[in-house]
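What follows is calculated from the coordinates using simple rules that are stated; it is not laboratory data. Because the structure is a prediction, the values reported are computed rather than measured. Methodologically, a virtual Cβ is constructed for each residue, glycine included, from the backbone with ideal geometry; neighbour enumeration extends over all protein chains shown.
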Amino acid sequence: MLALNNIQILYDRAIEAVRDVSLEVAQGTIVALLGSNGAGKSTILKAISGVLYQEDGEIMSGSILLDGERISGAAPRDIVCKGLLQVPEGRALFATLTVEENLLMGGFTRSRSEAADGLDTVYGLFPRIKERRTQVAGYLSGGEQQMVAVGRALMGRPRLLMLDEPSLGLAPQIVDTIFEAIIKLNAESAMTVLLVEQNAQLALQTASYGYIIENGRIVLDGPAEKLRSNNDVQEFYLGFS
Ligand code: ATP
């Protein structure tokens with residue numbers, strides 16, 4: 001469904017954040033992209049969503065294909081309209097708007113009845129934010145904000161959902177709720193997922209395939225099960241010794 005071919009990304013025309021990265025996300029799968037701080041994970045997601053090139057000095061080479069069609073170079077709005085949506089790291093909610101207003105912003109490409117269905121789906125997955133739907137997003141807990149951020153992306157009915165560190169800084173119970181929702185949507189509506197995580201344990205339990213990135217390069221990839229039993233992955237990412 002999604003293919004990155006030989007992607008190289010420079011910041012400030014010189015800092016090589018991503019080096020010759022090729023990866024694939026097959027239709028209906030959950031794929032994890034793992035790596036430590038500064039490895040280049042968010043940069044790759046930004047490239048896929050089309051939000052690179054916004055600042056001077058950001059340069060990308062290589063190609064990104066969605067269903068065989070080139071999307072690298074397309075405007076972020078056009079990429080969203082093709083069904084590719086991202087939950088950004090840090091959530092980026094509209095703090096002064098209510099929960100429901102934030103969700104409706106995510107449904108801006110949809111008809112009124114599709115948006116109403118979308119709200120039902122999101123509130124079904126996350127009853128906790130239904131209770132808070134008239135409150136402004138800025139006053140929610142971190143976990144509730146993450147649910148709203150995921151819900152806002154779901155309002156756009158993604159065919160491919162990209163999540164940037166959804167577990168970051170959240171209590172285990174909230175992380176479970178969010179990951180259960182992702183697994184359910186993948187199983188029931190064949191939503192494809194690209195998951196960026198530092199929590200390798202969680203990511204490799206959720207995904208069927210994983211890529212490991214270090215200093216901008218993919219150093220290892222394979223079925224999640226194989227990665228879980230790989231000695232280097234166990235030592236460096238799963239905390240076994
Ligand atoms: P984290 O988990 O900490 O978010 P990451 O794997 O997502 O890390 P990136 O944010 O993609 O990593 O950063 C990759 C590299 O590019 C890092 O060395 C970072 O300092 C650099 N970088 C990121 N954004 C910019 C920018 N706007 N200008 C210059 N360098 C940048």
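Note: relative contact order over the chain, using C-alpha pairs below 8 Å and six or more positions apart, is 27 percent. 3J(HN,Hα) couplings calculated from phi for the stretch 194-200 with the Karplus curve 6.51 cos²θ - 1.76 cosθ + 1.60 (θ = phi - 60°) are, in sequence order, 10, 10, 9, 8, 9, 7, 5 Hz; Gly and Pro show x. Pairs of lysine residues in the chain that meet both criteria, 8 or more places apart or on different chains and Cα atoms under 23 Å apart, total 5.
Could you tell me which of rounded, prolate or oblate describes the stretch 40-93, using a ≥ b ≥ c as the square roots of the eigenvalues of the alpha-carbon gyration tensor, with rounded for a/c under 1.5 and, failing that, prolate when a/b is larger than b/c and oblate otherwise?
oblate
A Förster distance of 35 Å, applied to the separation of the beta-carbon atoms of residue 19 and residue 81, puts the FRET efficiency at 0.70.
Work out the FRET efficiency for residue 97 and residue 128 from their Cβ-Cβ distance, taking R0 = 25 Å, and round it to the nearest 0.05. Display every interim value, and only then the final one.
Working: r = 18 Å, r/R0 = 0.72.
Result of the calculation: an efficiency of 0.90.
Please identify the chymotrypsin sites (Phe, Trp or Tyr not before Pro) of the stretch 56-163 that satisfy two criteria: DSSP loop assignment and at most 15 other Cβ atoms within 10 Å. Which are they?
Taking the stretch 56-163 and a limit of 15 other Cβ atoms within 10 Å, the loop chymotrypsin sites (Phe, Trp or Tyr not before Pro) found are 94, 108.
With Cα atoms defining each centre, the stretch 205-225 and the stretch 131-167 are spaced 25 Å apart in the structure.
If we count every other residue with Cβ under 14 angstrom of residue 164's Cβ, Lys/Arg +1 and Asp/Glu -1, where does the sum land? Mind showing how you got there, number by number?
Numbers: positive: 41, 46, 91, 152; negative: 89, 165, 197.
Charge balance in the 14 Å sphere: +1.
Our summary gives the stretch 72-209 a relative contact order of 30 percent, counting only alpha carbon pairs under 8 angstrom and 6 or more residues apart.
Helical content alone sets the calculated 222 nm signal of the chain at -11000 deg cm²/dmol, taking -39,500 (n - 2.57) per DSSP H segment of four or more residues and averaging over every residue.
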